[in-house]
Amino acid sequence: MVTERNHVAENRSSNVDRAYAFADLSQYSFKDRLLIRVADLAFFSFISLIGSSVHYEVEGWENFEAASRDGHIPIYSFWHDCIFLSIYFWQRRRIVVMTSQSFDGEYIARFIQRFGSGAARGSSTRGATGAMVEMVRLMRAGSPAAFTIDGPKGPRHVAKMGSVLLAKKTGHPILPFTVAAKKFWEVKKSWDRAQVPKPFTHARVLIAPPIYVPADAGDEVLQAKRDELQAALDKVTAQGEIWRSAVSPS
């Protein structure tokens, strides 16, 4: 019996460790393997260089603390356009994010792993469903999770159901937040109009109160919770815009 329990514990630990380890690239051609490694290091270096120069201030840290009490861990939820500083600010917390099993998904998984996060890929045959199952398993093992909640391709600033469903299945709270940079470049041709902060700018992290989803939530409650998440993200985004317009140029 003890041996069987140890075997189960070892398997669980192995499944968790896999999320934080680089995947095998043998299925890719030599050229693609090289490109994945170059893209991985380029994004990691760029985000590290700029992210470390930014001056951060936080509003709503008590909401993070509330989401982390009584054995709970957060399901971080934010808009795709502020992913740059979100990755840097929340680094080294073993946060698991969903990535696709593709060329782009592979280099994204690698550079977020360099920041101390994990990647939930699921199986190649089950796609997003398999990745969601993997995120549930990892959260139950103690790993926080994160969603770019309007991703991966929009519509921009429209919350999807991912974090609501994960909160229902795990009992852990959703933590809506945004990161507003005072000065940034906007990638206007991207669907999310991604924001790349300028070096040495100031940024405000705005964290909303946690949102809890009952384990027995039906469709109406799930929709109401999605609407609550939408409203929370709209509010912190508006607060970020007000802060950005009010601060004096640096």
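Read-outs: derived from the displayed coordinates by stated rules, not from any lab. Note that the coordinates shown come from a computational prediction; the quantities given were computed from them, not determined experimentally. Cβ sites come from the backbone with ideal geometry, for glycine too, and all protein chains shown count toward neighbours.
The alpha-carbon of Lys235 sits under 16 angstrom from the alpha-carbons of these aspartates and glutamates, leaving out residues fewer than 8 places away in its chain: Glu59, Asp81, Asp150, Asp227. Put a plus charge on the Cβ of each Lys and Arg, a minus charge on the Cβ of each Asp and Glu, and nothing anywhere else: the dipole of the range 158-250 about its Cα centre is then about 560 debye.
Think of each Lys and Arg Cβ as +1 and each Asp and Glu Cβ as -1; about the Cα centre, that makes the dipole of the chain roughly 600 debye.
Ranked for footprinting exposure by Cβ neighbours inside 10 Å, fewest first, His55, His202 give His55, His202. For the set Lys198/Lys225; Lys168/Lys189; Lys160/Lys198; Lys31/Lys182, the pairs lying more than 31 angstrom apart at their alpha carbons are Lys198/Lys225; Lys168/Lys189; Lys31/Lys182. Excluding the site residues themselves, the longest part of the chain lacking any trypsin sites (Lys or Arg not before Pro) in a DSSP loop with at most 10 other Cβ atoms within 10 Å is 1-68. Cα centroid separation, the range 20-52 to the range 140-159: 22 Å. Near the amide H of Phe184, within less than 5 Å, lie the amide hydrogens of Lys198, all on another chain or at least 5 residues away, with H placed in the peptide plane.
Please identify the helices of the chain, taking whole runs of DSSP H, that span at least 30 Å along their own axis as judged from the Cα atoms and have a mean Kyte-Doolittle score of -1.0 or higher. Membrane-span-like by this criterion, though nothing is claimed about a membrane: 30-51, 219-246.
Each part gets one Cα centre, and for the range 187-250 versus the range 103-122 those centres are 23 Å apart. Label point of Ala224 set 7 angstrom out along Cα-Cβ; within the range 166-191, amide nitrogens under 16 Å from it belong to 168.
How high is the relative contact order of the range 2-246, in percent, with contacts defined as C-alpha pairs under 8 Å that are six or more residues apart? Working shown, then result.
Details: 424 pairs, mean separation 59.9, N = 245.
So the answer I get is 24 percent.
If R0 is taken as 25 Å, the Cβ-Cβ distance between Arg156 and Leu35 corresponds to a FRET efficiency of 0.35.
Model label points for Gln27 and Val58, set 7 angstrom from Cα along the Cα-to-Cβ axis, are 3.7 nm apart. Note down the Stokes-Einstein diffusion coefficient of the chain in µm²/s, whole number, using a Kirkwood radius over alpha carbon pairs, 4 °C, and 1.567 mPa s. It diffuses with D of about 68 µm²/s by this estimate. When the charge dipole of the chain is built from unit charges on Cβ atoms (+1 for Lys and Arg, -1 for Asp and Glu) and taken about the Cα centre, the candidate among Trp243, Leu25, Ser100 whose Cα reaches farthest toward its positive end is Leu25.
Sorted from fewest to most neighbouring beta carbons within 10 Å, what does the list Ser100, Ser143 look like? Could the numbers behind the result be given before it?
Working: Ser100 17, Ser143 20.
Least crowded to most crowded, the residues run Ser100, Ser143.
Dipole of the chain computed with +1 at Lys/Arg Cβ and -1 at Asp/Glu Cβ about the Cα centre; of Thr129, Asn63, Pro176, farthest Cα towards the positive end is Thr129.
Once both labels are positioned 7 Å from their Cα atoms along Cα-to-Cβ, the gap between Arg92 and Ser48 label points is 1.3 nm.
Label sites at Lys235 and Thr201, each approximated as a point 7 angstrom past Cα along Cα to Cβ, lie 2.6 nm apart.
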